[in-house]
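These notes are about the structure you will find just below.
The values are calculated or read from the model by the stated rules, or taken from the named source; none is laboratory data. Computed from a predicted structure; not experimentally measured. Here the Cβ positions follow ideal geometry from the backbone for every residue, glycine too, while neighbour counts run over all protein chains shown.
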């Protein structure tokens, strides 16, 4: 049975964080995400209002709140937000975070031009029912001249994965409609498509980043500290190389609302 993304995350919220613990490719992904796509674009003013849209169990909300910002954390899954609240309480950060259950495609509780920085990390745009509407909502709630950082699943990488698995029919279908109906429906963006839709919504895209590019290096290899060190170095060096971004499992855009 195919679930909605809300149903799937409600069902798996309790063990969601644990499912990623100890995985070296996740460490690389997280390093690139924080060091290359989030931290450089945060406002200088610590009084700024930050939105973490589709932020799940609060991974990036916690990191941002620890820097002294006030954050609004939203997610479509009530259960994921419950986990986030527990984690925030342990970190004594609840006073800095507002928690709101919301679909990234429909954030009517927020007025236009509400936030000084908008984050949509972990691919909520790929998991919502209307990815283009999700983009428009992220832009709508951002203030003029503020940064929006958003990630999505990469179409080209998934097509190549299907081909390596011998799933040519699935690769062809995916190339035509860009949807995978797995545990829940997922939409895969072409890198240029993601850029163009943020531009159509009223943004100037400053940068596009691929995460993780060198995915052929397996988890067992990455457990070797020297291999991990070298692959991380390569990811840092080439994550924004236009000729390699199409190889990455995920793509992220950093854009400014005009």
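For the stretch 1-90, please list each of the helices (runs of 4 or more DSSP H) lying entirely inside it that holds at least 2 residues being within 16 Å of residue 211 (Cβ to Cβ). Give the derivation first.
Details: elements: 5-16, 24-32, 59-66, 78-90.
Per the criteria, 24-32, 59-66.
Please verify whether residue 252 is in a helix (DSSP H, G or I) and either surrounded by 15 or more Cβ atoms within 10 Å (Cβ to Cβ) or in contact (Cβ under 8 Å) with a residue 24 or more places away in the chain (or both), treating the condition exactly as stated.
When the stated conditions are applied, residue 252 does not pass them.
Counting only residues that are under 14 Å from residue 120 (Cα atoms) and in contact with a helix residue (DSSP H, G or I) (Cβ under 7 Å, 6 or more places away or on another chain), which one in the stretch 22-41 is surrounded by the most Cβ atoms within 10 Å (Cβ to Cβ)?
Checking each candidate, the answer is 38.
For the condition touching a residue at least 12 places away in the same chain (Cβ under 8 Å) and more than 18 Å from the chain's Cα centre (by Cα), what is the one hit in 198, 228?
Working: 198 fails: more than 18 Å from the chain's Cα centre (by Cα).
Criteria check complete, one pass: 228.
Do the conditions hold for residue 79, that is, is it touching a helix residue (DSSP H, G or I) at 6+ places or on another chain (Cβ under 6 Å) and touching a residue at least 60 places away in the same chain (Cβ under 8 Å)? Don't jump to the end; show me each part of the working.
Working: touching a helix residue (DSSP H, G or I) at 6+ places or on another chain (Cβ under 6 Å): yes; touching a residue at least 60 places away in the same chain (Cβ under 8 Å): yes.
It is true that residue 79 is touching a helix residue (DSSP H, G or I) at 6+ places or on another chain (Cβ under 6 Å) and touching a residue at least 60 places away in the same chain (Cβ under 8 Å).
If I ask for residues that are out of contact with any helix residue (DSSP H, G or I) (no Cβ under 9 Å at 6 or more places or on another chain) and at pLDDT 95 or above, which ones from the stretch 182-212 would you list? Spell out how you get there, then give the answer.
Going through the stretch 182-212, the residues out of contact with any helix residue (DSSP H, G or I) (no Cβ under 9 Å at 6 or more places or on another chain) turn out to be 182, 192, 195-196, 199.
Scanning the stretch 182-212 gives 192, 195, 196, 199.
Among the numbered conditions (1) out of contact with any strand residue (DSSP E or B) (no Cβ under 6 Å at 6 or more places or on another chain); (2) modelled with pLDDT of 95 or more; (3) surrounded by fewer than 17 Cβ atoms within 10 Å (Cβ to Cβ), tell me where residue 83 comes up short.
Among (1) out of contact with any strand residue (DSSP E or B) (no Cβ under 6 Å at 6 or more places or on another chain); (2) modelled with pLDDT of 95 or more; (3) surrounded by fewer than 17 Cβ atoms within 10 Å (Cβ to Cβ), the lone unmet condition for residue 83 is (3).
Which of the residues spanning the stretch 92-109 are within 12 Å of residue 71 (Cβ to Cβ) and in a loop (DSSP other than H, G, I, E, B)? Talk me through it step by step, then tell me what you get.
Taking the stretch 92-109 first, the residues within 12 Å of residue 71 (Cβ to Cβ) are 93-100.
Matches in the stretch 92-109: 93 only.
Output the number of residues of the stretch 120-135 satisfying the condition of being under 23 Å from residue 69 (Cα atoms) and either out of contact with any helix residue (DSSP H, G or I) (no Cβ under 6 Å at 6 or more places or on another chain) or outside any strand (DSSP E or B) (or both).
In the first step, residues of the stretch 120-135 are kept if they are under 23 Å from residue 69 (Cα atoms); the result is 120-124.
Next cut, either out of contact with any helix residue (DSSP H, G or I) (no Cβ under 6 Å at 6 or more places or on another chain) or outside any strand (DSSP E or B) (or both) only: 121-124.
The total comes to 4.
Got at least one residue in the stretch 50-67 being surrounded by 19 or more Cβ atoms within 10 Å (Cβ to Cβ), within 26 Å of residue 135 (Cβ to Cβ) and over 18 Å from the mean Cα position of the chain (by Cα)?
no
Given the conditions (1) in contact with a helix residue (DSSP H, G or I) (Cβ under 9 Å, 6 or more places away or on another chain); (2) not in a loop (DSSP other than H, G, I, E, B), which single one is not true for residue 215?
For residue 215, the exception is condition (2).
Among 220, 241, which is outside any helix (DSSP H, G or I) and surrounded by fewer than 18 Cβ atoms within 10 Å (Cβ to Cβ)? Spell out how you get there, then give the answer.
Numbers: 220 fails: outside any helix (DSSP H, G or I).
Exactly one residue qualifies, and that residue is 241.
Every residue, every condition in (1) touching a strand residue (DSSP E or B) at 6+ places or on another chain (Cβ under 6 Å); (2) under 24 Å from residue 50 (Cα atoms); (3) buried (at least 17 other Cβ atoms within 10 Å of the Cβ), yes or no:
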position	(1), (2), (3)
131	yes, yes, yes
151	yes, yes, yes
156	no, no, yes
167	no, no, no
176	no, no, no
179	yes, no, no
192	no, no, no
195	yes, yes, yes
200	no, yes, no
